[in-house]
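Please read the structure below before turning to the comments.
Please treat every number below as a calculation from the coordinates, not as lab data. The model shown is predicted, which means the values in this text are computed figures rather than measured ones. Don't worry about glycine lacking a Cβ; one is built from the backbone with ideal geometry, like all the others, and counts go over all protein chains shown.
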Amino acid sequence: MAQEAPAPAASASAAAPAPASVADVAVKPGDAAAGQAKAAVCGACHGMDGNSADAQYPKLAGQSEQYIVRQLTDFKSGQRQNPIMLGMATPLSVQDMHDLGAYFASQKSRPGVADQALVEPGETLFRQGDSTRGIPACMACHSIDGRGNPGAMYPQLAGQHAQYVEATLKAWHDGTSWGTDTRSQIMPAIAAKLDARDIAALASYIEGLHSAESEPAAAATP
């Protein structure tokens, strides 16, 4: 915090310049090497390379720097509420957030396996949506291969744990939001139109979604 400036002398002819605000602090582009060191504490939940072993915690590998910075900022401010992440994000500087984002963005997300019984309905919703219910295609924002749109801060979905996706969609369906701005209201409004079968199918399809160059996933057990 900036120190309080002493009162100016009566003879001063001009006021001292105001101290720079947080928004004015220069931030360098994220440094992946610096972020790797800072990410050591993240590894317990998200995996050292951003591929979490526990499906309740999201994979961060391959997620864009911009999106990670946005989410850490929202955790720190309380716009997105999570007790664990509030504690983790609170001590981070903006530069720390960019460095962490750069590191995880440089890692490759490992794809999972979709339930074959859910692939068809999941793929239909992901690629076509359902105009009769006002549900847009997921790929319209998250791209055809689920890699997201970094410029618009739409996250990567491809390969994300089905358990995490399902829990998140259910929370949005039930009224949870990650803020009050227009962007934060997009997914709760869409999720409210999904039923439990839609959510399960989308979550499973997303876990198995990957591009041709991704590491092949192990075969699903019948």
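General observations
- Sequence-distant residues sharing a close amide H with TYR154 (under 5 Å, placed H): ASN149
- Here LYS193 is the anchor, and the lysines within straight C-alpha reach of less than 22 Å, apart from those fewer than 8 places off in the same chain, are LYS170.
- Each Cα pair of region 19-113 feeds into the Kirkwood radius, which the Stokes-Einstein equation turns, at 20 °C and 1.002 mPa s, into a diffusion coefficient of 158 µm²/s.
- The packing ranking of peptides 189-197, 114-122, highest mean first, is 114-122, 189-197, where packing means the average number of other beta carbon atoms within 10 angstrom of each residue.
- Extension gain for GLN185-LYS170 works out to 3.9 nm (0.36 nm per residue, less the C-alpha to C-alpha distance).
- Taking 7 Å steps out from each Cα toward its Cβ at LYS193 and ALA117 produces label points 2.8 nm apart.
- Separation of the GLN56 and ALA37 label points, Cα + 7 Å toward Cβ, nm: 3.3 nm
- Under-5 Å amide H pairs with ILE135, H placed in peptide plane, nonlocal only: ASP130
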